[in-house]
Every structure is written in structure tokens, then in C-alpha cells.
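Q: Supplied in C-alpha cells, the structure appears directly below.
The values are calculated or read from the model by the stated rules, or taken from the named source; none is laboratory data. None of these values were measured; they are calculated from a predicted model. A quick note on method: Cβ atoms are made from the backbone with ideal geometry, for glycine too, and the neighbour counts reach across all protein chains shown.
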Amino acid sequence: MKSVLKWLVCLISLIGVTHSSGSLKAETAAQSAHSFEGVVSKKVGYRYLQFLPASYDEDQEKEWPLILFLHGAGERGDDLNKVKVHGPPMIVESKPDFPFVVISPQCPTGTVWDADALLALLDDVTHRLRIDEKRIYVTGLSMGGFGTWNLIGKAPERFAAAVPICGGGNTRDFLLPKSREALQSLPIWVFHGGKDTVVLPEESERLVAMIRDRVEGNIQLTIYPDAGHNSWTETYSNPKLYEWFLSHSR
């Protein structure tokens, strides 16, 4: 009986050693190196409003400054008339001599601004129209403010100046070496309402502080102390904003 018990103990011990040895081999197996290359493509597109100044056709050699306007979440959908309720697309309805080409795309319902799609739209417009590519400006409000930040984080070299209004963004978008270099020479004027409870003013303040301290960019911040979320009406109705745009060229 004792010999049988000794045999069982030896067998159990052997099984344990074999299992431990197998686990050790699995845990210390070398990793192998691999690489992957591929092409990812996607179909993009926006419906948009296009405004041309009344004198656009008078001088066929003249190139015009362009404002890309990004609306807020409330104007999403498939009715382009909704895009006319704020900002430059509203202003040009009564100002045919507005001295910019204005492109105002519309985000479909349930989506947010796509920087790749917006850049592709800019490529198409600048190819089709007489646009001064050294004077392309971008601005947007609320969701469009976020879209503006995202766009200049991705391609700051495309713009002569930017105006994000009551928006925010991810600081990491601005820390790549290429972006940092381009942002240093990109004028940015940020607006926010001091009493905004939809998008807190800290969102703008955080990005402005980061760009001032880490990117050393050309940026200024205007806080309307008594304004809520609507900090865009006062901003877009101020003629000095458009003078500021035109004072900058890339």
C-alpha cells in the first residue's frame, strides 16, 4: 500500500512539474516583429451655402479672401436655410457687398464636424473659385467652435487666421512638431461668454493657456463677462472682426 501511495505522490509531482514547465514556456515565449501597410479611404461630402460678393464677376483676375463658417449643433440636418440663422451666412443675406467669399457647410443630423471632409471641401472650392489661398479664414460657434479648433489642430498651415467661438478641443491636437510650428504663426482670436453653462469658458481658457505657454502662438481671448452661451451674435456683428481677418495673410 505504501509503495502505491509513493507512486501516486511521484506521479502528481511529475504532472505538476510538467504543467509548470509548460506555463513557463508560454509566458516567456519571444514576441515576433511584424509590420503593416495599407490605404484607408472614405467617401466624404457636405451640402453647403456659397456666397460670392456682388462684384465677384467684375474683375476676372481678382482673387478673393474666403471665410469657412461652421455652424452649431442646432443647425444640423438637411435644410440649408437653418445655416442662415447665425454668423456670416446670416449677414450676407442683407450685405451683397460683403468682401469675402463665404462657404457654410451643413453637418448632417447626428454627426459632428469632420476635419478631413472640411479640408477636401476647401480643396474643391479653392480649385473652382478665384480664392486667394493666402487669405483663407475659419470660424465657428459652439459645435462649430469645436470644429474650428479641430481643424486648425489638424491643418493650421491652411489658414491665415481662425476664430473659435464658445468651443473647445483636445490639447494633444496641437502638440505635434508640425502643428506647433504652424500654430506659432497662425493668429487666433477666441471668444466665449463668461456665464456660458453649455460649454464652460474654461474650455477656451485651457486651450488659450496651452498655446500661449507651450506653443507660444499668436492668440488672444475675449470673454464677455455677462454673456451666456450666445457669444457669437456680438462677435459676428462687430465690423472689427472682419477688419482683423483681412489684416492677416499667410
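Q: Given the criteria in contact with a strand residue (DSSP E or B) (Cβ under 6 Å, 6 or more places away or on another chain), within 19 Å of residue 136 (Cβ to Cβ) and at pLDDT 95 or above, does residue 188 qualify? Full working, then the answer.
A: Working: in contact with a strand residue (DSSP E or B) (Cβ under 6 Å, 6 or more places away or on another chain): yes; within 19 Å of residue 136 (Cβ to Cβ): yes; at pLDDT 95 or above: yes.
Here the answer is yes, as residue 188 does meet what is asked.
Q: Same structure, new question: List, please: which pairs have Cβ atoms under 6 Å, are six or more places apart or on different chains, and start with a residue in the stretch 140-158 that is touching a residue at least 60 places away in the same chain (Cβ under 8 Å) and within 17 Å of residue 208 (Cα to Cα) and end with one that is crowded, with 24+ Cβ neighbours inside 10 Å and polar (S, T, N, Q)?
A: Correct list of pairs: 140/148.
Q: Right, here's the next one. If you go through the stretch 71-110, how many residues are closer than 20 Å to residue 245 by Cα and of a type in the set (Val, Ile, Thr)?
A: Summing the residues that are closer than 20 Å to residue 245 by Cα and of a type in the set (Val, Ile, Thr) in the stretch 71-110 gives 5.
Q: Pairs needed: first member in the stretch 167-184, closer than 16 Å to residue 221 by Cα; second member anywhere, assigned to a helix (DSSP H, G or I) and among the acidic types (Asp, Glu); C-beta distance under 6 Å; at least 6 residues apart or different chains.
A: Taking only residues 6 or more apart or on different chains, the pairs are 168/203.
Q: Let me ask you something else. Are any residues in the stretch 177-196 surrounded by 16 or more Cβ atoms within 10 Å (Cβ to Cβ) and either part of a helix (DSSP H, G or I) or not aromatic (Phe, Trp, Tyr) (or both), and if so, which ones?
A: At the first step, the residues of the stretch 177-196 found to be surrounded by 16 or more Cβ atoms within 10 Å (Cβ to Cβ) are 179-180, 182-183, 186-193, 196.
Passing the criteria: 179, 180, 182, 183, 186, 187, 188, 190, 192, 193, 196.
Q: I've got another one for you. So residue 45 ticks every box in (1) modelled with pLDDT under 95; (2) exposed (fewer than 10 other Cβ atoms within 10 Å of the Cβ) but one. Which box is left unticked?
A: Residue 45 satisfies all of (1) modelled with pLDDT under 95; (2) exposed (fewer than 10 other Cβ atoms within 10 Å of the Cβ) except (2).
Q: Just for the stretch 50-89: of the residues that are in contact (Cβ under 8 Å) with a residue 40 or more places away in the chain and of a type in the set (A, V, I, L, M), which one is surrounded by the fewest Cβ atoms within 10 Å (Cβ to Cβ)?
A: By that ranking, first place goes to 54.
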